[in-house]
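Questions regarding the structure given below will be posed in turn.
No value in this document is a laboratory result; all are computed from the given coordinates. All values derive from a computational prediction rather than experimental measurement. As a convention, Cβ positions derive from the backbone with ideal geometry for all residues, glycine included, and neighbour counts pool all protein chains shown.
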Amino acid sequence: LAMTGLATGHAYRGDLGNARRLFAEGTVILKAGGFERGVAAATLNHAEVEFCAGNAPDALLLAEELIGRPSETTPLTLCNGIVNVAAYLIALERWDDATARAREGLERARDLQTDVLAVAAIQHLAAIATLRPQGPDAALGARLLGHTDARFSALGAQREYTEQQECDK
């Protein structure tokens, strides 16, 4: 856990190389110790590091690995993984898959009553509406994005890198 905590610290400082190395090493130790929830959290954070590094395909693989083992994680970590998968799919322009994951993430966030993840899922739907080449709906995207801006502000939350780069697009 200490290694994955250090990895997160390196990621926040922008030292993605050391973050990757520490996540990989820490995950091996967590797996060997049978600490499944620690592995799930580390995998989710490692996926975000890969996405920050511009490696959406590997981020997607890591996050899909996490959500493929729902019994080994918490409902909140699983929901976070699903919402992040929607963002990775958007970056890869896999619009239909992204829509399905964003909707699934929104439903799970609603059930868990976790507003920040619900708002992130709504933002992903806004991005899909706006960026999708076949039939973009800029008006819908703008309304949804305006809603997410207001909700993030009301919650006192900031967009993480994944959501911010998407919002910028």
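Answer with a single label: of (1) 10.9; (2) 12.4; (3) 9.3, which was calculated as mean projected area of the Cα convex hull in nm² from the structure in view?
The value matching this structure is (3).
If you don't mind, there's one more thing I want to ask. Count charges around LEU6 for me, please; just the other residues with Cβ under 11 Å from its Cβ, Lys/Arg as +1, Asp/Glu as -1.
0
Per residue of the range 21-38, what does 6.51 cos²θ - 1.76 cosθ + 1.60 with θ = phi - 60° give for ³J(HN,Hα)? Whole Hz please, x for Gly and Pro, Karplus curve as stated.
The phi angles translate into 4, 5, 5, 4, 5, x, 5, 4, 5, 4, 4, 4, x, x, 8, 4, 5, x Hz.
Excluding GLY135 itself, calculate the net charge of residues whose Cβ lies under 15 Å from the Cβ of GLY135, where each Lys or Arg counts +1 and each Asp or Glu counts -1.
-2
Moving on to the next point. How much net charge surrounds VAL39 when only the other residues with a Cβ under 14 Å from the Cβ of VAL39 are counted, with Lys and Arg +1 and Asp and Glu -1?
Result for the neighbourhood of VAL39: -1.
Before rounding to the nearest 500, sum -39500 (n - 2.57) across all DSSP H runs of length at least 4 in the chain and divide by the residue total; then give [θ] at 222 nm in deg cm²/dmol. It would help to have the intermediate numbers written out before the result.
On the way: 9 runs with 135 residues, N = 169.
Roughly -26000 deg cm²/dmol at 222 nm, from the helical runs in the chain.
Please report, largest first and rounded to whole Å, the three semi-axes of the ellipsoid equivalent to the range 1-98, where each semi-axis is the square root of five times an eigenvalue of the C-alpha gyration tensor.
Semi-axes, largest first: 21, 17, 9 Å.
At a 10 angstrom cut-off on C-beta neighbours, averaged per residue, how do the peptides 89-99, 12-22 rank from highest to lowest?
Top to bottom by mean Cβ count within 10 Å: 89-99, 12-22.
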